[in-house]
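Bear in mind these aren't lab numbers, they're just calculated from the coordinates by the rules spelled out. Computed from a predicted structure; not experimentally measured. Counting neighbours? That spans all protein chains shown, and the Cβs are built from the backbone with ideal geometry, glycine included.
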Amino acid sequence: MNYTIKEERLTAEEYIEFLKHTDLGSQYPKERFRQRIGTLVNRASISLVARNEAGSIVGVCFGITDFAYWLFITDLGVVRECAGQGIGTALVKKLHQVAGGEENIIMYTCFNENAYGFYEKLGMHKPDDVVVLNRIEWTDFTVE
């Protein structure tokens, strides 16, 4: 499949529609979902979108970064029909490059256990140096 990756801001509606066609749509809490997705698409430091030749969105990757030391992948998704075609890998590599490159930037993410193999193939590993504070209400649901 031919696709292009560009820095692009999606609307909340575009991103929500995209989530319906990916396995990423179950990673968000139900609480204030639409409001928070709007904030996400507007404020992520880096927003990459992969589109096929017809212009349809086939992959999305968002990251937050200081462009000097670290990068956190907040979202990485590929439409189910296009999984396994290298789009996710290309998005992550482009994200790392835009943030400042492997020689400058440490990259982190939270992931679904089913996705660990993907990140491991990219050379990522589970760190021992991360702590978390999480006091938010979190009701699981899937974007449909």
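With respect to (1) more than 12 Å from the chain's Cα centre (by Cα); (2) outside any helix (DSSP H, G or I), the lone exception for Tyr116 is condition (2). Criterion applied to Lys126, Lys93, Lys121 was being within 21 Å of Lys6 (Cα to Cα) and of a type outside the set (Gly, Ala, Ser), and the one residue passing it is Lys93. Across segment 22-72, what is the total count of residues that are part of a strand (DSSP E or B) and either charged (D, E, K, R) or surrounded by 15 or more Cβ atoms within 10 Å (Cβ to Cβ) (or both)? Result for segment 22-72: 19. Taken together, the residues in segment 82-119 that are in contact (Cβ under 8 Å) with a residue 40 or more places away in the chain and among the charged types (D, E, K, R) amount to 1. The set of residues from segment 36-94 being in contact with a helix residue (DSSP H, G or I) (Cβ under 7 Å, 6 or more places away or on another chain) and of a type in the set (A, V, I, L, M) comprises Ile37, Val41, Ile46, Leu48, Ala50, Ile57, Val58, Val60, Leu71, Ile73, Leu76, Val78. Per the listing Asp66, Asp75, the residue uniquely of a type outside the set (A, V, I, L, M) and over 16 Å from Cys110 (Cα atoms) is Asp66.
Of all residues in segment 73-113, those satisfying the criterion of being within 19 Å of Asp23 (Cα to Cα) and assigned to a strand (DSSP E or B) are Ile73, Thr74, Asp75, Leu76, Gly77, Val78, Thr109. Please verify whether segment 6-19 includes one or more residues that are under 30 Å from Asp128 (Cα atoms) and loosely packed, with under 13 Cβ neighbours inside 10 Å. Checked segment 6-19: no residue is under 30 Å from Asp128 (Cα atoms) and loosely packed, with under 13 Cβ neighbours inside 10 Å. Listed by first and then second residue, the pairs linking a residue in segment 5-20 that is touching a residue at least 60 places away in the same chain (Cβ under 8 Å) and within 24 Å of Lys93 (Cα to Cα) to a residue that is surrounded by 13 or more Cβ atoms within 10 Å (Cβ to Cβ) and of a type in the set (Lys, Arg), with Cβ atoms under 6 Å apart and 6 or more places separating them unless they lie on different chains, are Ile5/Lys94. Do you know which residues across segment 103-121 are within 16 Å of Gly88 (Cβ to Cβ) and surrounded by 13 or more Cβ atoms within 10 Å (Cβ to Cβ)? Residues satisfying the conditions are Met107, Thr109, Phe111, Ala115, Tyr116, Phe118, Tyr119.
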